[in-house]
Amino acid sequence: MKKNVAIIGFGGQGGWHGEQILKSDVVALAGVYDIRECRQEYARNKGIHIYGSTEELLSDPQVDIVLVATPNDLHKQLVVQALNTGKHVICEKPVEMTVSALDEMTAAAEKNHRVFTVHQNRRWDVDYLAIQQLVLSGEIGKPLNIESRIHGSRGIPSDWRCQKAHGGGMILDWGVHLIDQMLQLYTEKVVRVYCTVTHITNQEVDDGFKLHLNFADGGEAYVEVGTYNFLALPRFYMQCEQGTASITDWKQKCHVAKLTAWNEKDVLPVQTAAGITKTMAPRDELTLQEYDLDRPLSDVHDFYRNYCAVLDGKAELLVKPEEVRRVLQVMEAAFASSEQQAVISTDI
Ligand code: NAD
């Protein structure tokens with residue numbers, strides 16, 4: 001039987017969940033609560049049940065799962081309230097702004113024996129999955145350096161995302177996804193964090209950032225979000241022991257250049273303004289094989305399928321609170337690094 005979900009915060013993302021739940025094979029939509037009349041009206045027009053308050057929604061015995069999709073600063077309060085009334089809870093990302101706030105949420109889940117997870121849905125992004133599959137297959141060896149970038153050109157949204165009090169800024173908005181992906185790709189400990197932020201279109205919160213991560217085994221990661229980039233660099237760029245992979249943007253396939261032999265017999269030099277160079281001359285097909293990977297299959301409904309299977313005792317959570325905690329630890333170190341303009345040593 002389908003499990004009933006009720007949504008608190010029926011804005012852009014709550015609306016997205018509503019649409020997915022209506023199409024889901026494992027969950028049904030019990031109703032929604034939003035403080036804004038226009039969003040209540042929107043739900044009403046779609047024939048969706050509207051609760052009059054958070055308390056009314058939480059006291060509905062038909063509701064098995066509560067999804068919290070309000071602005072970030074309200075997550076902890078609503079998640080803990082829902083867990084304390086005995087509901088299972090899914091929270092939108094970023095789960096909170098600090099590790100200590102998340103710890104209060106997980107403590108409430110444990111105390112009430114409820115299942116709590118976070119909607120880190122960009123683990124289902126096809127570009128990320130292509131890189132993940134390449135890492136796991138070992139086809140071009142172990143990663144030495146992974147660069148993950150999102151370059152937009154429209155500045156930071158002018159809603160609550162540009163206000164500090166609501167948990168705005170790009171580290172919390174997009175950074176949380178890209179760091180989460182990176183910590184799935186590299187499982188070694190993060191030992192150093194260095195971050196700079198930009199304030200091009202907004203002074204109150206970061207409208208972009210550049211984050212360097214060093215891992216215990218020598219692996220490196222670079223995560224960048226920009227909102228003032230009128231030409232975009234590739235979404236992913238990965239150097240591995242036996243080759244390089246690149247994904248230019250969301251819609252493109254992963255392009256792989258695999259090293260088949262290190263030594264070349266006759267390197268043809270390339271002409272530059274200052275003379276010829278063999279060091280920077282491109283390789284040919286005798287030592288390098290280039291190809292595209294098929295785009296991986298992905299189904300966003302697997303998030304709710306997994307969550308329901310966990311409630312039935314048949315699976316392990318795909319997005320575990322301890323993984324989300326690591327991401328928050330990295331974000332805290334990134335904020336500290338940008339404030340202190342220093343490299344932060346970590347054990348994350
Ligand atoms: P939004 O502003 O469009 O929607 C938030 C809604 O919450 C608004 O309709 C607002 O009226 C409502 N709200 C505010 N206070 C409330 C309260 N006390 N009780 C009930 N409703 C309340 O914002 P959004 O883009 O939908 O973002 C909401 C959350 O979803 C944020 O945490 C955001 O980071 C996250 N999000 C996640 C993704 C993703 O890909 N996972 C994408 C977008 C947003």
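Just so it is clear, none of the values below were taken in a lab; they were calculated from the coordinates. Please read all numbers here as calculations on a predicted model, not as lab measurements. Don't worry about glycine lacking a Cβ; one is built from the backbone with ideal geometry, like all the others, and counts go over all protein chains shown.
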Open item on the list: So if I take the alpha carbon set of segment 66-178, get Rg, then get Rh from the Kirkwood formula, what is the Rg over Rh ratio?
Closed with: 1.05
Task: Cα-based equivalent ellipsoid of segment 3-119: semi-axis lengths in Å, sorted from largest, via gyration tensor - done: 22, 15, 13
Open item on the list: Which residue fluctuates most in the GNM of the chain (Cα springs below 10 Å): L268, L231, L328?
Closed with: L268
Open item on the list: Using the Kirkwood radius over C-alpha pairs as Rh, can you work out the diffusion coefficient of the chain via Stokes-Einstein at 20 °C, viscosity 1.002 mPa s, in µm² per second?
Closed with: 97 µm²/s
Open item on the list: Pick from V27, V267, V80 the residue whose mean-square fluctuation is largest in a GNM of the chain, springs joining Cα atoms under 10 Å.
Closed with: V267
Open item on the list: For a 31 Å ceiling on Cα separation, which of these pairs sit above it: K87/K189; K3/K76; K23/K251; K93/K253; K3/K210?
Closed with: K87/K189; K3/K210
- [ ] Please order C240, C254 by the number of other Cβ within 10 Å, starting at the fewest.
- [x] C240, C254
Task: Qualifying GluC sites (Glu not before Pro) for segment 256-306 [loop in DSSP, other Cβ within 10 Å: at most 13] - done: E285
Task: Around Y128: net Lys/Arg minus Asp/Glu count, Cβ-Cβ under 11 Å - done: 0
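For E322 and V300 in the same chain, what is the full-extension length gain: residue separation times 0.36 nm, less their Cα-Cα distance, in nm?
5.7 nm
Sum -39500 (n - 2.57) across every DSSP H segment of at least 4 residues in the chain, then divide by the residue count to get the 222 nm mean residue ellipticity, nearest 500. Intermediate values should be presented prior to the final figure.
Details: 9 runs with 100 residues, N = 348.
Value at 222 nm, helices only: -8500 deg cm²/dmol.
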Task: trypsin sites (Lys or Arg not before Pro) restricted to segment 67-154 and DSSP loop, no more than 10 other C-beta within 10 Å - done: R154
Task: Distance between segment 236-286 and segment 185-204 - C-alpha centres, whole angstrom - done: 28 Å
Open item on the list: Can you compute the modelled spin-label distance between D217 and E264, with each label point 7 Å from Cα toward Cβ, in nm?
Closed with: 2.9 nm
Task: For segment 1-153: relative contact order, % (alpha-carbon pairs under 8 angstrom, 6 or more apart) - done: 18 percent
